[in-house]
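Scroll down for the structure; my scribbles are underneath it.
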Amino acid sequence: MVYKESPHADKKGRLNVRSDEIFTEKTCFASLNKAPEHIYRNKDELLLVLERPEIPLHNNASERDIREFVKKRKISGSTRSSPGRRARDTFASLKKTCRKLAISFWEYLKARAKGCYDTVPYLPELIHRHACALVA
């Protein structure tokens, strides 16, 4: 977590070396050696944060994104048709996207129903602006 806040080349090198030390260390138990070996085989993917510090270290945000949907699906018993499922998924996704972009989902729907695109811009445009603001 400290590296994410202030990435430096020397820290990156030390973290890389330390991970090699940890995950290539052998014990006298063959079965115990399998877990670190498996982790070490995925080292590049696991240490991607050293190259791209903006990448989250966990997937909690993704899990949170689908939690509301899963609860509703359990309560309602899902949908009766494929078009119903697509509609539910589409609206759930739009609602979550609007929430993340801090715009009213209701205002978004009203603007689209009226064909009024000047009050609420297209979502791809808003997403692009939001992403650029995060990088800057």
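Of note:
- What separates the Cα centres of segment 62-136 and segment 10-60 is a distance of 36 Å.
- Only Lys, Arg, Asp and Glu carry charge here, each on its Cβ (+1 for the first two, -1 for the last two); on that basis the chain has a dipole of about 1000 debye about its Cα centre.
- Using the Cβ-Cβ distance between V135 and E63 with R0 = 22 Å, the FRET efficiency computed as 1/(1 + (r/R0)^6) comes to roughly 0.35.
- In range of the label at Y122: residues from segment 55-98 whose backbone nitrogen is under 20 Å from the point 7 Å along Cα→Cβ: 90-91, 93-98
- Evaluated over the chain, the count of Lys pairs having alpha-carbon atoms less than 21 Å apart is 19 (only pairs 8 or more residues apart or interchain).
- Computed over protein heavy atoms with a 1.4 Å probe, the accessible surface of the chain works out to 79 Å² per residue.
- Positive-end residue of V70, L48, C98, charge dipole of segment 25-136 with Cβ unit charges: V70
- Relative contact order of the chain, defined on C-alpha pairs under 8 angstrom at six or more residues apart (%): 14
- With every protein chain in place, segment 1-133: carbon and sulfur % of accessible area (1.4 Å): 59
- Ligands, DNA and RNA aside, F105 has an accessible area near 50 Å² when probed at 1.4 Å.
- Simple rule: put +1 on each Lys or Arg Cβ and -1 on each Asp or Glu Cβ in segment 1-68, find the dipole, and look at N59, P7, L32; the Cα lying farthest toward the positive end is L32.
- Its DSSP H runs of at least 4 residues, each contributing -39,500 (n - 2.57), put the calculated 222 nm mean residue ellipticity of the chain at -22000 deg cm²/dmol, to the nearest 500.
The values are calculated or read from the model by the stated rules, or taken from the named source; none is laboratory data. Everything numeric in this text was worked out from a predicted model, so none of it was measured. With ideal geometry, Cβ positions are generated from the backbone for all residues, glycine too; neighbour counts draw on all protein chains shown. Please note that ligands, DNA and RNA were not included when accessible areas were found on the heavy atoms of the full protein model with its side chains. Shrake-Rupley method; radii C 1.70, N 1.55, O 1.52, S 1.80 Å.
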